[in-house]
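Reviewing the structure listed below.
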Amino acid sequence: MSSFSLCDLIVPIYNSLSYVRECLHSILNHTEAGACRIIIVDDASDSHTHRYLRCIAAEYPGQITLHRNPENLGFVKSCNLGIALGNAPFVVLINSDVVVTPGWLERLVSCAERDPRIAAVNPFTNHASQINLPLAPGANFFGMDEYLQRHGPTSAADVVTSVGFCLLLRRSALERVGVFDEIYGHGYCEESDLCMRLTTHGYRTTVAGDVYVYHKGRGTFTDRGERYRRNRALFDSRWLGDYRRQFRVFRRADPLGPTRALFATRQRWNPMPVVWETARAMLAAWQRRDGLDLLRSTLRGVLRLPGARRPLATPEDVRQFTRPGRLRVTYLLHHLVVAGGVLSVIQLVNELILLGVEARIVVLFEDPAVYDWTPLYTQPLIFRNERELLQNFPDSDIAVATLWNTAPWVAELVRRGRARTAAYFLQDYEPWFFPEAKTVARERVRATYALIPHRIVKSDWLQGMLASDGYPTQKILLGMNLARFYPRDGVRSHPVVLAMARPQTPRRGFEPMVAALAHIKATRPEVEIVLFGDRFLSKQQIPFPFRDEGVVIDQNRLAELYSEATVFIDGSDFQGFGRCGLEAMACGAACVLTHVGGVDEYAQDGINALLVPPQRPDRFAGAMLRLLDDTELRERLIEAGLETVQRFCHKREGRETLEYFRSLL
């Protein structure tokens with residue numbers, strides 16, 4: 001690519017800072033200097049996001065232009081504004097939840113330059129309607145990209161309509177047919193409308209066969225359903241006949257079929273993801289007392305069962321998409337579900353992938369909700385049982401156990417030569433998962449510590465517990481995504497007490513916490529009490545009015561709840577670390593926490609939180625009242641808490657983990 005700017009790279013941004021950071025860093029790291037000018041259109045994001053954008057624009061003054069809309073204009077208008085701010089021959093529109101790969105832009109431009117009739121070029125990605133190419137089991141998006149460069153078709157494949165997640169457009173074609181029609185409001189179908197104008201004027205809309213990028217999908221829009229239906233009706237009123245005709249030709253030709261065939265693996269029937277999704281939909285309908293939707297959800301699930309299939313990848317399959325000469329690390333989880341410990345593993349795997357590691361996840365079961373919950377840069381390997389897992393485990397330098405019941409598998413994999421060495425990622429003192437009376441179960445868990453030579457913990461407390469059992473460990477502090485957990489603008493309008501309430505989980509102090517909150521509501525009726533963490537809180541005997549947030553899967557929503565809270569309380573009897581307290585601190589809530597376990601790693605009584613003994617509702621209530629009534633104390637703790645959380649960045653945890661793994665080999 002020539003040294004002058006051949007592309008204007010338009011990045012419309014509205015909040016979603018955790019995605020924005022990864023997107024911009026990947027563009028800066030993986031795009032040839034001088035090949036493009038990055039035009040960031042900040043669509044009235046919150047102050048924290050805008051501060052970050054100002055900093056990165058100042059760091060790259062010749063490369064980044066920052067424009068801030070005085071009010072939120074929406075995706076479509078922001079894209080058009082970005083296009084108008086540039087003048088390069090090509091325009092690339094890129095969503096902020098995209099992570100690009102080395103040389104991506106050069107290959108997109110090369111594809112467009114092969115034919116002057118090509119007006120639009122998409123890369124392949126894991127999440128995009130009609131043109132998606134799912135991650136192969138065990139592969140990450142960097143490996144997918146390298147494989148396509150070696151084996152993908154060099155010619156462009158024609159598609160009916162391109163997808164706007166990462167879209168290169170020829171400026172001369174836009175000057176002829178126009179940009180996005182702003183009648184589509186805040187987005188959806190606007191790129192399809194543009195592509196229909198392009199194709200009906202004789203241009204080609206294509207996919208480059210040798211480019212792959214990661215796309216989270218559903219990461220930037222939160223009001224999808226109604227807006228899509230409205231915009232789709234508008235699109236159909238204009239283009240339905242032409243679109244159906246072109247789509248029939250596309251389906252018959254199947255131009256993407258040969259590329260998808262490169263990643264085909266043996267399929268087998270696996271109903272469990274469908275069962276979980278159906279059960280969740282039925283539960284939601286039952287809770288709404290919507291009998292008709294309950295019936296619909298049941299029928300949809302039954303009809304999907306016969307086609308519920310999953311790839312079974314062998315080590316040979318995984319080897320195809322493994323970049324040679326890189327460290328191979330595989331984490332073993334028993335269940336891939338929405339839980340704090342699982343989030344820590346996914347976060348680490350993502351960071352290791354960004355640092356150049358071939359990091360993977362192997363599990364026996366997954367909850368499909370995980371993929372909406374958090375980005376996942378690799379496709380987990382799912383096996384039916386222990387035998388299948390041991391037989392098909394991918395070749396690894398390090399296999400990592402994540403729970404006591406995965407440790408024997410890891411030890412066996414090393415014995416069989418499928419991994420060079422093993423580590424144990426300990427997030428809690430697992431013998432205490434069982435009651436004191438279950439002495440045999442506790443000893444069985446302790447015995448797993450001897451199976452694996454290297455152990456990682458995330459707190460001094462846990463390190464001390466393992467030392468008392470005779471096992472040395474390596475401490476690597478827990479990391480948290482501080483681009484997701486930060487104080488949100490203007491959400492605190494009245495006193496709010498937020499509590500994590502998990503009555504179904506042992507040792508979470510539900511009863512004493514409810515007693516303390518009842519006292520707060522009786523003495524301070526103006527305080528709103530908000531509870532989260534359980535789907536059936538309305539079935540509990542809770543003697544005061546409260547707002548029920550249920551199980552909060554959306555991490556952004558969780559950060560908003562923390563930011564709204566004047567006081568956050570976690571009354572657990574036992575904590576391996578206490579992630580929720582740290583998250584609340586990061587969002588500017590004053591915290592009341594129990595003085596147990598790993599909480600001491602970040603919480604200091606009277607410095608950045610108030611610490612109280614467990615099972616003491618009187619002490620819980622007293623601490624909350626102090627924070628509600630003493631503004632000076634509350635603000636002092638909040639300020640100290642915001643300073644404390646800077647030590648717990650997930651980027652730092654990823655780097656330290658990589659350094660430790662390298663030392664093992």
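The values are calculated or read from the model by the stated rules, or taken from the named source; none is laboratory data. The model shown is predicted, which means the values in this text are computed figures rather than measured ones. Backbone-built Cβ (ideal geometry, glycine too); neighbour counts: all protein chains shown.
Over 22 Å from HIS650 (Cα atoms), touching a residue at least 60 places away in the same chain (Cβ under 8 Å) and not in a helix (DSSP H, G or I): does that describe ARG319? So ARG319 fails the test.
Looking across segment 414-441, just one residue is in a helix (DSSP H, G or I), surrounded by 16 or more Cβ atoms within 10 Å (Cβ to Cβ) and at pLDDT 95 or above, and that is VAL414.
Evaluate segment 379-387: report whether one residue or more is assigned to a helix (DSSP H, G or I) and closer than 12 Å to VAL363 by Cα. Taking every residue of segment 379-387 in turn, at least one turns out to be assigned to a helix (DSSP H, G or I) and closer than 12 Å to VAL363 by Cα. Scanning segment 327-364 for residues that are free of Cβ contacts under 8 Å to residues at least 24 places away in the same chain and in contact with a strand residue (DSSP E or B) (Cβ under 8 Å, 6 or more places away or on another chain) gives no hits. Can you pull out every residue in segment 595-610 that is in contact with a strand residue (DSSP E or B) (Cβ under 6 Å, 6 or more places away or on another chain) and either surrounded by 20 or more Cβ atoms within 10 Å (Cβ to Cβ) or not in a loop (DSSP other than H, G, I, E, B) (or both)? VAL599, ALA603, ASP605, ALA609, LEU610, listed by residue number. Of all positions in segment 255-265, none carries a residue that is surrounded by fewer than 16 Cβ atoms within 10 Å (Cβ to Cβ), among the aromatic types (Phe, Trp, Tyr), out of contact with any helix residue (DSSP H, G or I) (no Cβ under 6 Å at 6 or more places or on another chain) and over 30 Å from TYR424 (Cα atoms). Kindly provide the set of residues from segment 365-378 that are in contact (Cβ under 8 Å) with a residue 24 or more places away in the chain, within 23 Å of LEU389 (Cα to Cα) and not in a strand (DSSP E or B), ordered by number. Within segment 365-378, ASP367, PRO368, ALA369, VAL370, LEU376, TYR377 qualify.
Within segment 505-525, identify whether any single residue is assigned to a loop (DSSP other than H, G, I, E, B) and more than 30 Å from TRP432 (Cβ to Cβ), and answer yes or no.
The first filter runs over segment 505-525 and keeps only residues assigned to a loop (DSSP other than H, G, I, E, B), leaving 505-509, 524-525.
From what's left, more than 30 Å from TRP432 (Cβ to Cβ): 524-525.
There is at least one residue in segment 505-525 that is assigned to a loop (DSSP other than H, G, I, E, B) and more than 30 Å from TRP432 (Cβ to Cβ).
Only one residue in LEU352, LEU343, LEU333 is assigned by TED's automatic domain parsing to the domain that holds THR657, surrounded by 15 or more Cβ atoms within 10 Å (Cβ to Cβ) and part of a strand (DSSP E or B). Which one? Just a single option satisfies the conditions, and that option is LEU333. Report yes if some residue within segment 72-92 is of a type outside the set (A, V, I, L, M), over 26 Å from the mean Cα position of the chain (by Cα) and within 17 Å of LEU24 (Cα to Cα); otherwise report no. The answer is yes; a qualifying residue exists.
Of the residues PRO525, PRO506, the single one that is over 25 Å from ARG634 (Cα atoms) and either in contact with a Lys or Arg (Cβ under 7 Å, 6 or more places away or on another chain) or assigned by TED's automatic domain parsing to the domain that holds ASP618 (or both) is PRO506.
Among the residues in segment 559-572, are any among the polar types (S, T, N, Q) and under 30 Å from ASP46 (Cα atoms)? There is at least one residue in segment 559-572 that is among the polar types (S, T, N, Q) and under 30 Å from ASP46 (Cα atoms).
Taken together, VAL445, VAL457 contain a single residue that is of a type in the set (A, V, I, L, M), in contact with a Ser or Thr (Cβ under 7 Å, 6 or more places away or on another chain) and under 30 Å from GLN615 (Cβ atoms), which is VAL457.
Being more than 20 Å from LYS216 (Cα to Cα), modelled with pLDDT of 95 or more and touching a Gly at 6+ places or on another chain (Cβ under 7 Å) is the requirement here; does ARG117 meet it? It is true that ARG117 is more than 20 Å from LYS216 (Cα to Cα), modelled with pLDDT of 95 or more and touching a Gly at 6+ places or on another chain (Cβ under 7 Å).
So that you can scan it fast, the table gives a plain yes or no per residue for (1) closer than 26 Å to GLU511 by Cα; (2) touching a Ser or Thr at 6+ places or on another chain (Cβ under 9 Å); (3) surrounded by fewer than 18 Cβ atoms within 10 Å (Cβ to Cβ); (4) not assigned by TED's automatic domain parsing to the domain that holds ILE520:
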{"residue": "GLY576", "(1), (2), (3), (4)": "yes, yes, no, no"}
{"residue": "ARG579", "(1), (2), (3), (4)": "yes, yes, no, no"}
{"residue": "MET585", "(1), (2), (3), (4)": "yes, yes, no, no"}
{"residue": "VAL612", "(1), (2), (3), (4)": "yes, yes, no, no"}
{"residue": "GLY622", "(1), (2), (3), (4)": "yes, no, yes, no"}
{"residue": "ASP629", "(1), (2), (3), (4)": "yes, no, yes, no"}
{"residue": "GLU643", "(1), (2), (3), (4)": "no, no, yes, no"}
{"residue": "ARG655", "(1), (2), (3), (4)": "no, no, yes, yes"}
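For VAL551, the test of being outside any helix (DSSP H, G or I) and either within 21 Å of the chain's Cα centre (by Cα) or not assigned by TED's automatic domain parsing to the domain that holds LEU462 (or both) is passed. Among the residues of segment 448-481, those identified as surrounded by fewer than 19 Cβ atoms within 10 Å (Cβ to Cβ) and in a loop (DSSP other than H, G, I, E, B) are PRO453, ASP469, GLY470, TYR471, PRO472, LEU477. Filtering segment 558-579 to residues that are under 20 Å from LYS475 (Cα atoms) and assigned to a helix (DSSP H, G or I) leaves only ARG579.
When restricted to residues that are at pLDDT below 95, among the charged types (D, E, K, R) and either under 13 Å from LEU333 (Cα atoms) or touching a Ser or Thr at 6+ places or on another chain (Cβ under 8 Å) (or both), segment 358-383 contains 2.
Residue by residue, here is whether (1) buried (at least 23 other Cβ atoms within 10 Å of the Cβ); (2) charged (D, E, K, R) holds:
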| site | (1), (2) |
| --- | --- |
| ASP115 | no, yes |
| GLN130 | no, no |
| GLY138 | yes, no |
| PHE142 | yes, no |
| THR154 | no, no |
| LEU174 | no, no |
| ASP181 | no, yes |
| HIS186 | no, no |
| LEU194 | yes, no |
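Could you say which residue among THR205, THR200 is touching a helix residue (DSSP H, G or I) at 6+ places or on another chain (Cβ under 7 Å), farther than 13 Å from VAL76 by Cα, assigned by TED's automatic domain parsing to the domain that holds ALA156 and surrounded by fewer than 19 Cβ atoms within 10 Å (Cβ to Cβ)? Walk me through it before giving the result.
Numbers: THR205 fails: surrounded by fewer than 19 Cβ atoms within 10 Å (Cβ to Cβ).
Answer to the selection: THR200.
Reported count of residues in segment 490-546, each being under 19 Å from ALA589 (Cα atoms) and hydrophobic (A, V, I, L, M, F, W, C), is 17. If you go through segment 614-665 and keep only what is outside any helix (DSSP H, G or I) and more than 25 Å from ALA586 (Cβ to Cβ), you end up with GLN615, ARG616, LEU665.
If you check VAL370, VAL400, which single one turns out to be β-branched (Val, Ile, Thr), out of contact with any helix residue (DSSP H, G or I) (no Cβ under 6 Å at 6 or more places or on another chain) and more than 22 Å from ARG310 (Cβ to Cβ)? Break it down into steps so the answer makes sense when it comes.
Values: VAL370 fails: more than 22 Å from ARG310 (Cβ to Cβ).
Step by step, each of VAL370, VAL400 is checked, and only VAL400 is β-branched (Val, Ile, Thr), out of contact with any helix residue (DSSP H, G or I) (no Cβ under 6 Å at 6 or more places or on another chain) and more than 22 Å from ARG310 (Cβ to Cβ).
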